[in-house]
1. Take every Cα pair under 8 Å in segment 60-206 that's 6+ residues apart, average their separations, divide by the length, and report that relative contact order as a whole percent.
2. How big is the charge dipole of segment 60-206 about its Cα centre, in debye rounded to the nearest 20, if each Lys and Arg gets +1 on its Cβ and each Asp and Glu gets -1 on its Cβ?
3. Work out, step by step, the length gained on full extension between Gln184 and Ser143: first 0.36 nm times the residue separation, then minus their alpha carbon distance; give nm to one decimal.
4. Please sort 199-206, 126-133 by packing, taking for each peptide the average over its residues of neighbouring beta carbons within 10 angstrom, highest first.
5. Pop the C-beta distance of Gln134 and Thr39 into the FRET formula with R0 = 45 Å and round what comes out to the nearest 0.05.
6. When Arg152, Arg192 are ordered from fewest to most other Cβ atoms inside 10 Å of their Cβ, what list results?
7. For a protection proxy built on the mean count of beta-carbon atoms within 10 angstrom, sort 172-178, 157-163, 25-31 highest first, please.
8. Per q in 0.12, 0.15 Å⁻¹, report the Debye log10 I(q)/I(0) for segment 60-206, using one uniform scatterer on each alpha carbon and no solvent.
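Coordinate-derived values only; no laboratory data. Model, not experiment: these values are computed from the prediction. Neighbour counts are summed over all protein chains in view; Cβ atoms, including those assigned to glycine, are modelled from backbone coordinates with ideal geometry.
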Amino acid sequence: MLTELTNDDDRGQVGIGTLIVFIAMVLVAAIAAGVLINTAGFLQSSAEETGQQSSDQVTNRLQLVNAVGEDIQSSSSTIDTVKLTVKKAPGAGNIDLGSTIAQWVDSSGTYDLTYEGTYDGNPGASEFSVADVQDDDGSISGSQVLNDPSDRATIIFSAEEIRGGAADDGLGEGETATVRLNTQSGGTTTARLVVPETLSGNSAVSL
């Protein structure tokens, strides 16, 4: 009669090996899951930040109320001073005019302008000034911030200084210029200035 021989030691070794492989697989899966969760959280945060920045660029901008040319030189028929009255665009947050960058473009070239200070005369060739028109809480005169839909401010440019500084360097009859106002959030407002065909007899004109 034949007796079947078994080796219990071999069976135990096989079971331990399987258990080790199983534990290793669980650890690898746990590490992979952790990496995926961290990556998903990072991507979500980045997407939210990008979405907020994109929204700010669209909403946090200035809205042009009117554009006026003043200090008209009768001898050269040119406009020396340009004033843009602006307000917050609908839905915009607080806008700091002191951090706003202006770009002036006309037939003579392109000029980047920064905030000079409150209006006390014509600004320099690379600057613009700010004056308050409607400002109930003093936010414009104090810190150049539009913080209320009713706030109105005037941004003043010296066309004469920007275009060279000579007495006849202002904007002439029929000339055009483009001013782009870029806020601290990246919102851009474009104002196209068109000088009337004749300035004779006018002390100020709408552009």
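1. Working: 391 pairs, mean separation 46.0, N = 147.
For segment 60-206, the relative contact order is 31 percent.
2. 580
3. Details: separation 41, 0.36 × 41 = 14.76 nm, distance 1.43 nm.
Net length gain for the segment: 13.3 nm.
4. Working: 199-206: 13.2, 126-133: 18.8.
Packing proxy ranking, top to bottom: 126-133, 199-206.
5. Values: r = 50 Å, r/R0 = 1.11.
Working from the Cβ atoms, E equals 0.35.
6. The fewest-first ordering by Cβ neighbours comes to Arg192, Arg152.
7. Details: 172-178: 16.0, 157-163: 24.3, 25-31: 10.0.
Listed from highest to lowest mean packing, they are 157-163, 172-178, 25-31.
8. So the normalised log intensities work out to -0.45, -0.70.
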